[in-house]
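The values are calculated or read from the model by the stated rules, or taken from the named source; none is laboratory data. Here the structure is a predicted model, which means the values were calculated and not measured. Here the Cβ positions follow ideal geometry from the backbone for every residue, glycine too, while neighbour counts run over all protein chains shown.
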Amino acid sequence: MKAVHICLSFCVSLTIGDYTVTTSNLSVSGISSISDLNVVLNISHSWNSDLRVFVISPTGRQVELFSEAGIGGKGFINTTLDDEVGTSINNGSGTFSGTYKPFGRLSDFDGLNATGIWKLKIIDAAEGDTGKLNSWSLIVNGTPPTGNLTKYGTSGNDTLTGGSSGKFTSRGDE
């Protein structure tokens, strides 16, 4: 079996209000078995430690990315959560940029079928500070199904041949 890599990303600009749960959905297709999954976040928020953030698979399996990370920090800029790195996001501070280990194990998704609706859930657990989910991405490595994979985007259709090796990027806007 050959591996395929798909990065799904989109801009959302959802407000994160005090004492609210904010969710965003991302549709994934083209990977029948996950071998590695990472999450990339762009969040503007005036107090990072108000936030608890989770990624939820189409089957409902949930992994906590972080909780109350970076006391006093003001957001996440192209922050990648990858459980194969050493620096935990819960030990960091300030505005996050770079790659960090999430609180939960993204490897809990390994072996699952990636196809379906993935969710990002953000809980703001305090008042006085708000923010925005600007964008989020899933970087998924895994096994493609047989046949053709099709990427639909705002600029038209591209056909990706299943079973081919290489890197494929799929991007869309909501």
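Just to be sure before I move on: is His45 at pLDDT below 95 and either closer than 24 Å to Thr143 by Cα or surrounded by fewer than 16 Cβ atoms within 10 Å (Cβ to Cβ) (or both) in the structure I sent? No. The sole residue among Ser13, Ser107 that is surrounded by fewer than 16 Cβ atoms within 10 Å (Cβ to Cβ) and either in a strand (DSSP E or B) or touching a helix residue (DSSP H, G or I) at 6+ places or on another chain (Cβ under 9 Å) (or both) is Ser13.
Step by step: first the residues of the range 93-122, then only those that are free of Cβ contacts under 8 Å to residues at least 60 places away in the same chain and among the basic types (Lys, Arg), then the one that is nearest to Thr80 (Cα to Cα). Which residue is that? Ranking the qualifying residues of the range 93-122, first place goes to Lys101. For the range 110-123, filtered to residues that are surrounded by fewer than 21 Cβ atoms within 10 Å (Cβ to Cβ) and closer than 13 Å to Gln62 by Cβ, the residue that is nearest to the chain's Cα centre (by Cα) is Lys119. For the range 124-152, taking the residues that are assigned to a strand (DSSP E or B) and surrounded by fewer than 16 Cβ atoms within 10 Å (Cβ to Cβ), the one that is modelled with the lowest pLDDT is identified as Tyr152. Condition first: over 13 Å from the mean Cα position of the chain (by Cα) and surrounded by 14 or more Cβ atoms within 10 Å (Cβ to Cβ). Now tell me which residues in the range 78-89 satisfy that. Passing the criteria: Val85, Ser88, Ile89.
Yes/no per residue for (1) out of contact with any Asp or Glu (no Cβ under 7 Å at 6 or more places or on another chain); (2) within 19 Å of Gly131 (Cα to Cα):
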| site | (1), (2) |
| --- | --- |
| Glu68 | yes, yes |
| Phe76 | yes, yes |
| Gly86 | yes, no |
| Ser97 | yes, yes |
| Pro102 | no, no |
| Leu106 | no, no |
| Asn113 | yes, no |
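Taking the conditions exactly as written (surrounded by fewer than 21 Cβ atoms within 10 Å (Cβ to Cβ) and part of a strand (DSSP E or B)), does Ser35 satisfy them or not? Against the criterion (surrounded by fewer than 21 Cβ atoms within 10 Å (Cβ to Cβ) and part of a strand (DSSP E or B)), Ser35 qualifies. Might you check whether a residue that is farther than 22 Å from Val12 by Cα and in a strand (DSSP E or B) occurs anywhere in the range 61-83? The answer is no, given that none of the residues of the range 61-83 is farther than 22 Å from Val12 by Cα and in a strand (DSSP E or B). If you check Gly98, Gly73, Gly94, Gly111 for being over 20 Å from Trp47 (Cα atoms) and out of contact with any Cys (no Cβ under 9 Å at 6 or more places or on another chain), only one passes: Gly111. So, of the residues in the range 63-79 that are touching a Phe, Trp or Tyr at 6+ places or on another chain (Cβ under 7 Å) and touching a residue at least 40 places away in the same chain (Cβ under 8 Å), which turns out to be farthest from Asp108 (Cα to Cα)? Among those residues, the one meeting the criterion is Glu64.
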